[in-house]
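S.K.: Sharing a structure below in structure tokens format, with a few things to ask.
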């Protein structure tokens, strides 16, 4: 793209605030803050409210019903993608209007929580508003991912994804912790105001930074669509046909296969790891939960250093390294099972799995961005991420079958074989061939 030609990222003269396409660190900052924003609703609805409702005497079934309902929008992100690719306002940027709209709705929904004072009597309303809050957060996630596909350069996607993931972890960790304190002291309205205020303050960057130079800041401002921006697809039937065609390209299918191989394994670990720690070795659920939270936060921080490394070696090679290192980790675990009785070793192994997962996520997302077509990036990327979530859920459901069929200790072998299978599938991936195909289809 013409906006990316040149060795330096410098603001266009005559403007105090450059466009995202012009300035690398503004891109990194903006995408980190966007992910920080969508972390706020996750922290409130998935961390704070479940813990608080439990403390208020709600039954496990009631809390489980709340969690299952409010997290549902994150599994339906692929529905938002086609709308964003079909309905666009290029004069303000292809995705930026959707980001602004989603953040505005998050703020309004957070403010609506001030109307609730009795969780027992108003649980239905609380569930509905929290579901809406996650709906808008998921909508922003799809829009930001689509923007990232078309604005980020190939050699900076690893770093950008590392910053984005760290931003989201920071958002839900901080909001989850603060919201519980506010809920216990001041009630639901205070937690709603915290979320609305946080989204409003951090999300202001969407109002200030254009995607590309010359675009409008607001609908009534002066400006025009950038000539190098991808042209949105206005024909719904054509949009769906093109999406299916791109998803079924050979290299796309290969990458989906690689993703499925390791995400299924991560789903297995969601059920298997706590069972090993709590049932087999007798650690408390509180200790395991604390270890998991701490190692996740550390992995997100270390992920900031992973991004530049992945950019340097390439996302495909990064996935190779990640798959092989994860396989090696489970080889070590298989032959040192008794050592898991020592907390230091158990925490170290848990940290290793978290770091491996972080490395794989950053590498895979970077490569998925490279295989998306520019006109339907939001739709295509949303589908990839939805398939990723489905694969992980499928892995969790498969765990009891593997355990009953092969025995508990054989799961270590399943993990090793699964990661090596991903290596074998990835050997068939050729990014240059895929980009040549995209160019022929007018999607490069």
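S.K.: Given the criterion assigned by TED's automatic domain parsing to the domain that holds residue 45, touching a helix residue (DSSP H, G or I) at 6+ places or on another chain (Cβ under 7 Å) and at pLDDT 90 or above, identify the matching residue among 168, 140.
M.R.: Every option except 140 fails the conditions.
S.K.: Would you say residue 198 is modelled with pLDDT of 90 or more, assigned by TED's automatic domain parsing to the domain that holds residue 71 and assigned to a helix (DSSP H, G or I)?
M.R.: yes
Let's see how each residue does on (1) out of contact with any helix residue (DSSP H, G or I) (no Cβ under 7 Å at 6 or more places or on another chain); (2) modelled with pLDDT under 85:
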{"position": "333", "(1), (2)": "no, no"}
{"position": "359", "(1), (2)": "no, no"}
{"position": "369", "(1), (2)": "no, yes"}
{"position": "379", "(1), (2)": "no, yes"}
{"position": "385", "(1), (2)": "no, yes"}
{"position": "388", "(1), (2)": "no, yes"}
{"position": "432", "(1), (2)": "yes, no"}
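S.K.: Please verify whether the range 336-354 includes one or more residues that are surrounded by 23 or more Cβ atoms within 10 Å (Cβ to Cβ) and outside the structural domain of residue 146 (by TED's automatic domain parsing). It would help to see each step written out before you state the result.
M.R.: Initially, the range 336-354 is screened for residues surrounded by 23 or more Cβ atoms within 10 Å (Cβ to Cβ), giving none.
Checking the range 336-354: not a single residue is surrounded by 23 or more Cβ atoms within 10 Å (Cβ to Cβ) and outside the structural domain of residue 146 (by TED's automatic domain parsing).
S.K.: Which of (1) more than 22 Å from residue 388 (Cα to Cα); (2) surrounded by fewer than 24 Cβ atoms within 10 Å (Cβ to Cβ) is the odd one out, the single condition residue 44 does not satisfy?
M.R.: Evaluating residue 44 over (1) more than 22 Å from residue 388 (Cα to Cα); (2) surrounded by fewer than 24 Cβ atoms within 10 Å (Cβ to Cβ) leaves (2) as the failure.
S.K.: Select from the range 171-186 the residues that are modelled with pLDDT of 80 or more and surrounded by 17 or more Cβ atoms within 10 Å (Cβ to Cβ) and list them in ascending order.
M.R.: 171, 175, 178, 179, 182, 183
S.K.: Restricting to the range 404-434, name every residue that is without any contact (Cβ under 8 Å) to a residue 12 or more places away in the chain and not in a loop (DSSP other than H, G, I, E, B). Working first, answer last.
M.R.: Step one: list which residues in the range 404-434 are without any contact (Cβ under 8 Å) to a residue 12 or more places away in the chain, which gives 404-407, 410, 417, 424, 427, 432.
Within the range 404-434, 404, 405, 406, 410, 417, 424, 432 meet the criteria.
S.K.: Of the residues 128, 162, 102, which single one is modelled with pLDDT of 90 or more and under 18 Å from the mean Cα position of the chain (by Cα)?
M.R.: 102
For (1) farther than 24 Å from residue 161 by Cβ; (2) under 22 Å from the mean Cα position of the chain (by Cα); (3) outside the structural domain of residue 206 (by TED's automatic domain parsing), each residue gets a yes or a no:
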| residue | (1), (2), (3) |
| --- | --- |
| 30 | no, yes, no |
| 40 | no, yes, no |
| 43 | no, yes, no |
| 81 | no, yes, no |
| 87 | yes, no, no |
| 91 | yes, no, no |
| 109 | yes, yes, no |
| 120 | yes, no, no |
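The values are calculated or read from the model by the stated rules, or taken from the named source; none is laboratory data. In this text, all values refer to a predicted model and were calculated from it rather than measured experimentally. As a convention, Cβ positions derive from the backbone with ideal geometry for all residues, glycine included, and neighbour counts pool all protein chains shown.
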